[in-house]
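Accompanying notes for the structure given below.
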């Protein structure tokens with residue numbers, strides 16, 4: 001008996017494709033006017049961070065220097081200068097006066113210098129005059145050549161110089177006494193009185209007997225052979 005033929009399986013027909021969706025047309029977009037509409041932000045948070053150079057360290061403020069206030073009592077004074085001297089006080093006031101400008105302070109210091117020079121000169125003159133007055137007072141009180149004997153003694157000295165040195169040389173010699181003040185020194189006047197008495201015949205020599213006329217060179221240079229007669 002013949003085998004039956006296999007049944008033919010007919011495949012199911014493919015399903016019909018779904019109809020395409022109908023897309024409604026959209027109205028055309030109108031480009032926004034940049035003058036009217038703000039520009040959209042096109043940067044993110046990270047994108048907005050810009051690389052910047054590292055901040056420079058702040059400059060260290062300079063140390064504040066306190067102004068030095070001038071003080072006279074802090075000066076190291078040279079020997080002989082008194083801290084209470086009025087001139088020094090004026091000097092300190094001039095330097096400490098903050099109302100003066102440089103020109104005014106310079107002029108004030110120059111004026112002060114001139115004042116100091118004048119004061120020093122006057123002080124020296126007074127000291128010298130006082131010294132001479134003291135010397136002359138000593139001579140006037142001398143028992144041998146002072147008092148009523150002083151003028152005759154001085155005249156004798158003058159005559160001895162004129163007669164020994166000559167008028168011109170004697171004048172210069174006396175001028176030396178005047179310039180140096182030696183002509184008022186007690187020791188010089190006493191010494192010249194003795195020399196004049198020796199140079200004048202018959203003159204009185206205080207403290208010793210007369211020995212006649214003597215040579216001036218021998219009196220001043222007793223050890224010089226050239227000065228001995």
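Residues in the stretch 95-114 that are surrounded by 13 or more Cβ atoms within 10 Å (Cβ to Cβ) and either more than 16 Å from the chain's Cα centre (by Cα) or closer than 11 Å to residue 72 by Cβ (or both): 95, 100.
If the requirement is being more than 25 Å from the chain's Cα centre (by Cα), assigned to a loop (DSSP other than H, G, I, E, B) and without any contact (Cβ under 8 Å) to a residue 24 or more places away in the chain, which of these qualifies: 84, 143, 126, 149? 143 is the lone residue from the list that is more than 25 Å from the chain's Cα centre (by Cα), assigned to a loop (DSSP other than H, G, I, E, B) and without any contact (Cβ under 8 Å) to a residue 24 or more places away in the chain.
Since every read-out is calculated from the coordinates, none of them should be taken as a lab result. Small disclaimer: the values here were computed from a predicted structure and weren't measured. Virtual Cβ from ideal backbone geometry, glycine too; neighbours counted across all protein chains shown.
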